[in-house]
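Worksheet: the structure to be examined is printed underneath.
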Amino acid sequence: MDKILKRLALITHWLCFAIGIAVLVAIVLLSADLDGLFIIMSLIFALTSLLVGSAIRWLFSGQFYLLPWQRHDGL
């Protein structure tokens, strides 16, 4: 059961990472059409998404990794 939870946490980390990167790419592509406040809010959302994914993985693995491809021996 512990291994399943760690794998789900890793999947969640990847999902949050993908959402954060997608928002950053959208900001880069559409920055000319967006308002400054919207860009700031989007950057905060992307950073929060990255940190939430890392925190969820940290909750189940016991080690904090900002990037989802960093692994430890438990998986």
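The values are calculated or read from the model by the stated rules, or taken from the named source; none is laboratory data. Note that this is a predicted model, so its numbers are computed, not measured. Neighbour counts run over all protein chains shown; Cβ positions are idealised from the backbone, glycine included. Note: areas computed on protein heavy atoms with side chains; ligands, DNA, RNA excluded. Shrake-Rupley method; radii C 1.70, N 1.55, O 1.52, S 1.80 Å.
Rolling a 1.4 angstrom probe over the chain with all protein chains present gives an accessible area of which 75% lies on carbon and sulfur atoms. A Förster radius of 25 Å combined with the Cβ-Cβ distance from I40 to L8 puts the calculated FRET efficiency at roughly 0.20. Direction-averaged projected area, Cα convex hull, the chain: 4.8 nm², rounded to one decimal. Sparse packing (at most 12 other Cβ atoms within 10 Å of the Cβ) combined with a DSSP loop state is found for the following chymotrypsin sites (Phe, Trp or Tyr not before Pro) in the chain: F64, W69.
Computed from Cα positions, the angle between helix 2-30 and the longest principal axis of the chain comes to roughly 10 degrees.
Put simply, the amide H of L34, placed in the peptide plane, has no neighbours under 5 Å, leaving out anything fewer than 5 places away on its chain.
Helix 36-61 axis versus longest C-alpha principal axis of the chain: approximately 0°, rounded to the nearest ten.
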